[in-house]
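Engineer: I have a structure here, written as structure tokens, and I will follow up with some questions on it.
The values are calculated or read from the model by the stated rules, or taken from the named source; none is laboratory data. This is a predicted model, so every value here is computed, not measured. Cβ coordinates were reconstructed from backbone atoms using ideal geometry, including for glycine residues, and neighbour counts include every protein chain displayed. Keep in mind that these areas ignore ligands, DNA and RNA; they rest on the heavy atoms of the full protein, side chains included. Shrake-Rupley method; radii C 1.70, N 1.55, O 1.52, S 1.80 Å.
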Amino acid sequence: MEKQGSTMPDHEARSWAMFVHLSALSGYFIPLGNLIGPIIIWSIKKETDPFVDEQGKEALNFQLSITIYAILIGILSLVLIGLILIPVLIVVHLVQIIIASVKSSEGNQYRYPWTIRFLS
């Protein structure tokens, strides 16, 4: 992926962008933490740097999409196919968060695949 604009974000911006992605992991311990964590960090830091703002929106769009996919898979579990898809969704979720976190810490913009763009 390409870097934000023509200059690399400073260390603080890269760190906060990484944290906004990693905060979604709180959803594995706190109900809806995958949404609450990124919302809190993004809302506090979005005005400080455009890179943090962009990555915060990207993280929120992905977490909203994942939440919708999880609900649909939960419904599909009633007909058993969702039981197969649950582990797939978990692995995709974890891998994508790790990739986004690493890319953000390097100063690169990351766009999650299979994401509905609610915020632009």
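Engineer: What does the extension gain come out to for Asp10 and Ile40, with contour length at 0.36 nm per residue minus their alpha carbon separation?
Structural biologist: Full-extension gain reported as 8.7 nm.
Engineer: Using heavy-atom solvent-accessible surface (probe 1.4 Å) with all chains present, what is the largest-first order of Arg111, Arg14, Arg117?
Structural biologist: Largest to smallest exposure gives the sequence Arg111, Arg117, Arg14.
Engineer: Let me ask another. Whole-Hz ³J(HN,Hα) for each residue in region 31-36, computed from phi via Karplus 6.51 cos²θ - 1.76 cosθ + 1.60 with θ = phi - 60°, x for glycine and proline: what do you get?
Structural biologist: Those phi angles translate into x, 6, x, 5, 9, 5 Hz.
Engineer: Can you give the calculated 222 nm mean residue ellipticity of the chain, where each DSSP H run of n ≥ 4 adds -39,500 (n - 2.57) and the sum is split over every residue, rounded to the nearest 500 deg cm²/dmol?
Structural biologist: -22000 deg cm²/dmol
Engineer: Hey, another quick one. What are the ³J(HN,Hα) values, in whole Hz, obtained from phi via the Karplus relation 6.51 cos²θ - 1.76 cosθ + 1.60 with θ = phi - 60°, for each residue of region 56-70 in sequence order, with x given for Gly and Pro?
Structural biologist: x, 4, 4, 4, 5, 4, 5, 5, 5, 4, 4, 4, 5, 4, 5
Engineer: Follow-up. Using mean Cβ contacts within 10 Å as the protection proxy, how do 102-108, 18-24 order, highest first?
Structural biologist: Top of the packing list down: 18-24, 102-108.
Engineer: A follow-up question, please. Which aspartates and glutamates, if any, have their Cα less than 17 Å from the Cα of Lys103, not counting same-chain residues under 8 positions apart?
Structural biologist: Glu2, Asp10, Glu12, Asp49, Asp53, Glu54, Glu58
Engineer: From the phi of every residue in region 79-85, what ³J(HN,Hα) in whole Hz does the Karplus formula 6.51 cos²θ - 1.76 cosθ + 1.60 yield, where θ is phi - 60° and glycine or proline is x?
Structural biologist: Calculated HN-Hα couplings, in order: 10, 6, 5, x, 5, 6, 7 Hz.
Engineer: Can you run the Rg to Rh ratio on the chain? Use alpha carbon positions and the Kirkwood inverse-distance Rh.
Structural biologist: Taking Rg over the Kirkwood Rh, I get 1.01.
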